[in-house]
Amino acid sequence: MEAAIAAGHPASAAAGLEILADGGSAADAIVAASLASCVAETVMTGLLGGGHAVYWDAGTGRARNLDCFVAVPGLGAEPREPELVRLEVPFGEELVHYAIGAASCGTPGLAAGLAELWLAHGRLPWSRLVEPASQLARDGVEFPPAHASCLAMLAPVMTKDEGARIYSPGGRLLQAGERLHQPGLVAALEALAEEGADAVYSGTIAESLLDLCAERGGLVTRQDLGSYAARWSEPVAADYLDWTLLTRGGLSGMPESAPLMPRTRDLDETDRVLALVDVLGADGVEMHTTNTSVVDPDGNACVLTTSLGLGSGDFLPGFDLHLNSMLGEIDLVRGPLVAGERMESMMAPTLAFSADHLELAAGAAGGTRLRGALLGVISSILDEGLDPLGAVERPRFHASPGVVHAEPGVDEDALATLARNRTVRRWPARHHYFGGVSLVSRFGAAADPRRSGASSTLR
């Protein structure tokens, strides 16, 4: 398998490739690419969010999951219900309900996760890994079409507080092809380079976060930050036809769904859609997420999925860091919220193996569409033999209760059959609603155009 990276933005992919070319490991590259995504993909993710990763160490033949997702805040404080701001966001033809505000912010985990990946598997100095993101923050970065489309929907959230200066300079929403400038991120990344992840948990950024929470009714406490730790665990193995997937469980649904996936290589397109539509279906709101997949020259692989949720609408003064909104994501709140415990997640960074050989390292963005997008692409590559880009670009469909959503190009005979007993909603164009997959495989690398992604191979 060639060394390569696939990410949610060309600048994120370029940052990871730069580190690979400098002799960095998959962990080094994923750290640099993720930090770059916290500059280039801030409508999807950010340093004050959380994520899940899987790491394959080719030398030891061992895979491990890393949980650096958001934790429930409130340690050391009197329990209280978060005071959330409710809003509706147009999403296609639907109004999606969200809850934001400083009280929707959970204890961030991404910085701790990046530090843990580097400590366990990194080679290059930490400060070197921060450099590409710092340069992006100084120069600004091109705003891609998928992000401009997302911003148009999320404007009421993204332009609150300091967000107005960032995303609607001069009172006009940032457009595709323009430059996204977030000068405060220069200071944030300088703090991260000098203080390491401690900047977020006990240093400069931590103090700013605690001050903002005290001012606006946020729930994150000093004890929350001081006690947070990223956690390694064993991945969950799931059978998929002739392959084994190493992934994570929880709300991802991957271990339950993968064994149900039918063989599709001998089906025509109509039968393929009908065979997959219910296996891949789910319901829920949109999560704003990004994914990066890396394989290094030694065969080590890492997949990292990160998110801010929708974002709370609050930005740290002087740092341009958007707070996460995980406590307001209704699909993630399952049962009572207990301070210090991890929140649930649908993220599913995944490795696919044939015997003992790594075939593919992949992950996806997209909330409840994430699992279907990821399994659809995996099936297209491993079972049907499509090239990675063809698999990622293939028209997608998603079944929610009573409604089948379909991109242009989904087989019309299949949709006509489905329309006999449910509503079929044909979307007018390819859309980030249907998830964003990025992968590196022995057949090549690819990143999702629905999220304006990019992939690069080390030469």
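The values are calculated or read from the model by the stated rules, or taken from the named source; none is laboratory data. What you see is a predicted model, and the numbers here were worked out from it, not measured in a lab. Cβ atoms come from the backbone with ideal geometry, glycine included; neighbour counts cover every protein chain shown. When the accessible area is computed, the model is the full protein with side chains, heavy atoms only, and any ligands, DNA or RNA have been set aside. Shrake-Rupley method; radii C 1.70, N 1.55, O 1.52, S 1.80 Å.
What to note about this one:
- The phi-based Karplus calculation (6.51 cos²θ - 1.76 cosθ + 1.60; θ = phi - 60°) puts the 3J(HN,Hα) values of region 55-72 at 10, 10, 9, 5, x, 9, x, 10, 10, 9, 8, 10, 9, 10, 7, 5, 9, 5 Hz, whole numbers, x for Gly and Pro.
- Alpha-carbon Debye profile of region 282-344, log10 I(q)/I(0) at 0.18, 0.23, 0.29 Å⁻¹: -0.84, -1.03, -1.22
- Adding -39500 (n - 2.57) for every DSSP H run of four residues or longer, then dividing by how many residues the chain holds, sets the calculated 222 nm ellipticity at -9000 deg cm²/dmol.
- For region 116-121, 3J(HN,Hα) computed residue by residue from phi via the Karplus equation (6.51, -1.76, 1.60; θ = phi - 60°) reads 5, 4, 5, 4, 7, 9 Hz, glycine and proline entered as x.
- Between the beta carbons of Arg394 and Val338, assuming R0 = 35 Å, the FRET efficiency works out to 0.25 to the nearest 0.05.
- For region 86-240, relative contact order (Cα pairs under 8 Å, six or more residues apart, normalised by length) works out to 30 percent.
- Note on region 366-459: antiparallel DSSP beta bridges, both residues inside, total approximately 65 percent of the bridges counted.
- Per residue, the Cα convex hull of the chain amounts to 123 Å³.
- If the convex hull is drawn through the Cα atoms of region 59-213, its volume per residue in Å³: 178 Å³
- Taking the convex hull of the alpha carbon positions in region 29-104 and averaging its projected area over all directions gives 8.6 nm².
- Three-way shape call for region 347-397 based on the alpha-carbon gyration tensor, with the a/c threshold at 1.5: oblate
- One quarter of the convex hull surface built on the alpha carbon atoms of region 185-307 amounts to 12.4 nm², the projected area averaged over directions.
- Estimated translational D of region 1-69 in µm²/s (Stokes, Kirkwood radius over Cα pairs; 10 °C; 1.306 mPa s): 125 µm²/s
- Expressed as a whole percent, the accessible area of region 204-356 that falls on carbon and sulfur atoms is 48 (1.4 Å probe).
- Spacing of the modelled spin labels on Arg442 and Asp387, each 7 Å from Cα toward Cβ, amounts to 1.9 nm.
- Distant alpha-carbon pairs in region 224-377 (separation over 19 angstrom), percent: 61 percent
- Neighbour cut-off at most 13 other Cβ (10 Å), DSSP loop, trypsin sites (Lys or Arg not before Pro), region 166-251: Arg172
- Solvent exposure of region 303-381 as accessible area per residue, Å², 1.4 Å probe: 22 Å²
- For the chain, the relative contact order comes to 25 percent (Cα pairs under 8 Å, sequence separation of at least 6).
- When +1 charges are put on Lys and Arg Cβ atoms and -1 charges on Asp and Glu Cβ atoms, the dipole computed for the chain relative to its Cα centre reaches about 420 debye.
- Estimated vicinal HN-Hα couplings, Hz - region 428-441 in sequence order (Karplus 6.51, -1.76, 1.60; Gly, Pro = x): x, 7, 4, 8, 5, 3, 8, x, x, 9, 10, 8, 10, 9
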